[in-house]
Amino acid sequence: MKAAILYSGNYGSTCQYAEWLGEATGLPVFDVRKDPPEPWNYDILILGSSVRVGKPTISKWVKKNWTQLNGRPLLLFSVSGTAPEDPDLLLWMKRGLGEEIFSQMEYVPLRGRMVVSELPWWSRILLKGLARAIKDPEESKRMTEGFDFMDRESLEPIVCWFEKQTRPEQARKRVRVPEMA
Ligand SMILES: Cc1cc2nc3c(=O)[nH]c(=O)nc-3n(C[C@H](O)[C@H](O)[C@H](O)COP(=O)(O)O)c2cc1C
C-alpha cells in the first residue's frame with residue numbers, strides 16, 4: 001500500500017510534525033503549497049494543517065482535491081495554540097473543511113509553536129486583534145507572547161492509526177486480551 005504525508009503550515013511547526021511522522025513511519029513528506037503529488041497515487045494519506053485565525057490552512061487544497069481524496073483512508077492532524085480538548089477546534093475544522101468532508105477523516109489535534117519575534121508585522125497585528133477577542137486570559141496572553149508545545153510523543157495516535165491501516169491483523173492482535181490458560 002502506498003501512503004504519504006501532506007502538510008500545510010507557515011512557520012515550521014506543522015512541517016516539523018510532518019517530518020517526525022515521516023521518520024516514525026518511513027513515509028514521504030510533501031508540502032501542499034510547493035510541489036504536492038497527485039493524491040490518486042496514494043492509497044492512504046495523512047494530512048497536516050496549521051490553524052490560522054480559526055481556519056485549517058489546508059482546507060482550500062483539500063476541497064480542490066476532494067474527488068481524488070474521497071474514499072481513501074484519511075487522517076487529518078491540526079497544529080495550533082489551542083488545547084486539543086477545546087471544542088473550538090472541532091468547530092473550526094468542520095467550518096473550514098465542511099461537515100461532509102470532515103466526517104470522512106480521522107482527526108488528531110496537536111499543539112504547535114509560535115515565536116512572535118519571527119513573525120512578520122502583519123501577523124503580529126492580526127494576533128493582537130485575535131488576542132482581544134479571546135476570553136480566556138491565559139490563551140489571550142499566549143497569542144501575543146508566543147508558546148512552544150511541540151511534543152513528538154503526541155504523534156503516537158497517528159502512528160498507531162497508520163499501522164492499523166497497513167497491518168490490520170497485527171493491530172488487532174496487539175489489543176487482544178490474552179486467553180486464559
Ligand atoms: C497569524 C496567526 C494566527 C493564528 N491563529 C490561531 C487560531 O486562530 N487558533 C489557534 O489555536 N492558533 C492560532 N495560531 C497559532 C498557530 O496555529 C500555531 O503557532 C501553529 O503552531 C502554527 O503552525 P506553523 O508553524 O506550521 O505555521 C495563529 C498563529 C498566527 C501566526
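Region 1-119: percent of C-alpha pairs farther apart than 18 Å?
It works out to 47 percent of all Cα pairs.
Please compute the Kirkwood hydrodynamic radius over region 18-59, one decimal place, Å, based on all pairs of different Cα atoms.
When all Cα pairs of region 18-59 are included, the Kirkwood radius is 11.7 Å.
For every helix of n ≥ 4 consecutive DSSP H residues, a contribution of -39,500 (n - 2.57) applies; sum these over the chain, divide by its total residues, and give [θ] at 222 nm rounded to the nearest 500 deg cm²/dmol.
-12000 deg cm²/dmol
Determine which lysines satisfy two conditions relative to LYS2: a Cα distance under 16 Å, and not lying fewer than 8 residues away in the same chain.
LYS164
Treating each Cα of region 63-135 as an identical point scatterer and ignoring solvent, apply the Debye formula and state log10 I(q)/I(0) at q = 0.16, 0.17, 0.22, 0.26 Å⁻¹.
Log10 I(q)/I(0), no solvent term: -0.74, -0.80, -1.05, -1.20.
The numbers here are math on the coordinates, done by the rules we state, and not lab data. Just so we're clear, the structure is a prediction, and the values are computed from it rather than from any experiment.
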